[in-house]
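J.: Handing you a structure now.
Values quoted throughout were computed directly from the atomic coordinates according to the rules given, and no laboratory measurement underlies them. What you see is a predicted model, and the numbers here were worked out from it, not measured in a lab. Virtual Cβ from ideal backbone geometry, glycine too; neighbours counted across all protein chains shown.
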Amino acid sequence: MTTTPPIVSLRDVHKYYGTYHALRGIDLDIGAGEFFSLLGPSGCGKTTLLRTIAGFEDLSSGTLLLSGQDMAGVPANRRPTNMVFQSYAIFPHLSVAENVAFGLRRRSDLNRQAKAALVEDALDMVGLDGFGARAAHALSGGQRQRVALARALILKPKVLLLDEPLSALDKKLREQMQNELRRLQRHVGITFVLVTHDQEEALIMSDRIAVMFEGEIAQLADPQTLYRRPTSRQVADFIGVMNFLPASLTAGSTAASVEIAGLGRAAITPEQCPAGMPTGDCTIGIRPETMSILFDGEPAPARETSGQVHELAYYGDMTYYDIALDGVEKPVTLSMKNLVGRRVLERGETARISWDERALIAFAK
Amino acid sequence: MKLKGFGTSDTARGLTLIAPPALFALLLLAVPLVAIFAFSFWSQDFLTIDYTPTLKNYREALSEPLYGQLILRSVLIAGAVTLTTVVLAFPIAYFVSFHVPANRKSLWIFMITIPFWTSYLIRVFLWKVILGYNGVLNSTLIGVGIIDEPLTFILYNANAVVITLAHAFAPFAILPIFVSLEKIDRSLLEASRDLGENHVMTFLRVTLPLAVPGVVAATLIVFIPTIGDYVTPRLVGGPGGLMIANMIQTQFLKLNNAPMGATLAVIAMAIVTVIALVFIFLNRRWLKARS
């Protein structure tokens, strides 16, 4: 958590569309200079939340403060925020430079040359130097996005809002832009609030992530905590891949003992129960990369079990196996790096599986 | 190699397909146009037509002040009609596009076209009833005591022609403007607001420039047919509201001088073409100068 006062502060924010309850009591503080992500499936309210901050949607109740000032009744054009739209919203009748300079019209303190220099700098910053005279409609998707970024950043907003800015780009370009956005954010030091449904993107780019489901924040944490210590099955399932196994838990004084279907008995500490220690029947989660296949009599570093290869997906660098464990209905997924000399198992083969009880996470049933 | 007979190659098949409409267009558009051109270079010799090519008609048309006056009046009336129609149509199109809920838009557009359900002629007659000396407008205004005597400047003159035509052509202006407004990505308006512009400046900097193609289309669609209209000036224009089309009709039917009528028609066509081209050219220049 940041110690400086928050730039964006939401208190018990609700939003109704007619009878539809889109935002259900959002409490959120976003610190200065943070790269913050709102992550969730479509329809979870993340875009609504972003648009509320921008001023395109009114709050039904609750308060929104931007750098300490109440934004109630302040229209979008008077807020210290700027937005990169999902469609980029590049003005088709203007050139690249005119698009970038759009928001500078009201800056009467700058003369023509000063404005032109600012535009030049902004284009330079997003790697579009020399594109100023181009017509906006003659740009590729990636270039349009850079224009949208330059157009927003030139106004030096307190908060830059990004509405799924990378979803329209192809995979290679998306990965490149993820790095560039991160670099740009560090460079300008402005608070970025990113809306995305792509959990990988959120993990790569963010300082902190708020995972949203059905108008509520399910968990707010940094990427590592979110991935390693999800507080609910829903979050665990949404972030990366998580195997869920039925189990039964008996609490002890410092650690609990769980009997897990397909894996056997294991000890579990309170830190492995982010949502509090369940009792009795529960669900145990385990990530694919924390399990591995043991080849040719290799000894297990920790615990060992076995199962049949049910299905496999070869990704080149990795192979994902679906392994049917004894006594478990749904096969578990595990991933193996395709190291030199390591063979890829075939369907139906029996595999020895190594796992570690430190990787387990317990959820209520 | 196969023999490329008729109906086997794509080109031939395409030509076969478009032949009927092409023939139709040729007979109904090209032939009359060529005939008008031809007539304008012939001359009337009492009851017969002298087929010797001559520029006599053009010389007469350009030297006779009445014709020039009628053409000028036609251009002015059509210009006034176009200005009125487009200026009034824009707010309507804007309202339907931006403030009517999406599921009601087709209903609104449908209602805007309702005047078309009655014949053009009947609509013109109705305006006569409304604008007449003892008409609806005058009786109402006298009734509420706003005026003491009936207004006379609203019927049988150019004003009446402008009012009637502006009403008749309103849907032609509303529809293209509506279409161009509908095509504007609404996130552009949000982007403008986000970048610090209020509603008025957003309209001036984003909505209006993007609606220009619709306004240009509306202007041409209204201007071109109104300049050649002859029913409305004939019925509500009185002597001071007559236009060039009325003279063309008089030449053809009353004065039995088809060549002179054809000549006036060609001149009117040429003027419309020149004005339309200049308008489009200025527009391109304006758009280019902005980007």
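J.: With the cut-off at 1.5 for a/c, could you classify the stretch A:8-233 from its C-alpha gyration tensor as rounded, prolate or oblate?
T.: Because a/c hits 1.5 or more and a/b exceeds b/c, the stretch A:8-233 counts as prolate.
J.: Still on this model: Hey, what's the Cα Rg ratio for the stretch B:135-276 versus the globular rule of thumb, 2.2 N^0.38 Å?
T.: 1.48
J.: Still on this structure, please answer the following. Please list, or write none, the aspartates and glutamates whose alpha carbon is within less than 18 Å of the alpha carbon of A:Lys158, excluding same-chain residues fewer than 8 places away.
T.: Of all the aspartates and glutamates, those that pass the test against A:Lys158 - Cα under 18 Å, at least 8 places apart if same chain - are A:Asp29, A:Glu34, A:Asp70, A:Asp207, B:Asp194, B:Glu197.
J.: Here's something else I'd like to know. Run through the stretch A:309-346 and list the trypsin sites (Lys or Arg not before Pro) located in a DSSP loop whose Cβ has at most 15 other Cβ atoms within 10 Å.
T.: Sparse-neighbourhood loop trypsin sites (Lys or Arg not before Pro): A:Arg342, A:Arg343.
J.: Shifting gears a bit: Tell me which residues come under 5 Å, amide H to amide H, from A:Ala300 once H is placed; ignore anything under 5 positions away on its chain.
T.: Residues meeting the criterion, in which the H sits 1.01 Å from N, do not exist here.
J.: Need one word for chain B: rounded, prolate or oblate. Basis is the Cα gyration tensor (sqrt eigenvalues a ≥ b ≥ c); a/c below 1.5 gives rounded, then a/b vs b/c decides.
T.: Cα axes put chain B in the oblate bin.
J.: Oh, and also: Where nothing but the Cβ of Lys and Arg (+1) and of Asp and Glu (-1) is charged, how large is the charge dipole of chain B around its Cα centre, in debye to the nearest 20?
T.: The calculated dipole for chain B is roughly 780 debye.
J.: Output ³J(HN,Hα) for the stretch A:210-222: one whole-Hz value per residue in order, computed from phi by the Karplus curve 6.51 cos²θ - 1.76 cosθ + 1.60 with θ = phi - 60°, and x for Gly and Pro.
T.: So the J values, rounded to whole Hz, are 10, 8, 10, 9, 6, x, 10, 7, 7, 7, 10, 7, 6.
J.: Which value, in Å³ per residue, describes the convex hull spanned by the Cα atoms of the stretch A:3-138?
T.: Convex hull volume per residue, Cα atoms: 162 Å³.
J.: On to the next question. Answer with one residue from A:Gly240, A:Ile260, A:Asn77: the one whose Cα lies farthest towards the positive end of the charge dipole of chain A, charges on Cβ with Lys, Arg +1 and Asp, Glu -1.
T.: Final value for the positive-end residue is A:Asn77.
J.: Give a residue-ordered list of calculated ³J(HN,Hα) values for the stretch A:324-332 (Karplus: 6.51 cos²θ - 1.76 cosθ + 1.60, θ = phi - 60°; whole Hz; x for Gly, Pro).
T.: Listing the rounded values in order: 7, 7, 5, x, 10, 5, 8, x, 9 Hz.
J.: Let me ask something additional. For B:Thr113 and B:Glu64 in one chain, what is 0.36 nm times their gap in residues minus the Cα-Cα distance, to one decimal in nm?
T.: Taking 0.36 nm per residue and subtracting the Cα distance, the gain is 13.5 nm.
J.: Enumerate the calculated ³J(HN,Hα) couplings along the stretch A:146-159 in order (Karplus 6.51 cos²θ - 1.76 cosθ + 1.60, θ = phi - 60°), each rounded to whole Hz, writing x wherever the residue is Gly or Pro.
T.: 5, 4, 4, 5, 4, 5, 7, 6, 4, 8, 6, x, 6, 9
J.: If you count, for every residue in A:86-92, the Cβ atoms of partner chains within 10 Å of its Cβ, what is the mean? Display every interim value, and only then the final one.
T.: Numbers: counts 1, 5, 4, 11, 4, 10, 7.
Across the residues of A:86-92, the mean count of other-chain Cβ atoms within 10 Å is 6.
J.: Right, something else. Could you tell me which chymotrypsin sites (Phe, Trp or Tyr not before Pro) in the stretch B:131-170 are loop residues by DSSP with no more than 15 other beta carbons within 10 angstrom of their beta carbon?
T.: B:Tyr133, B:Phe153
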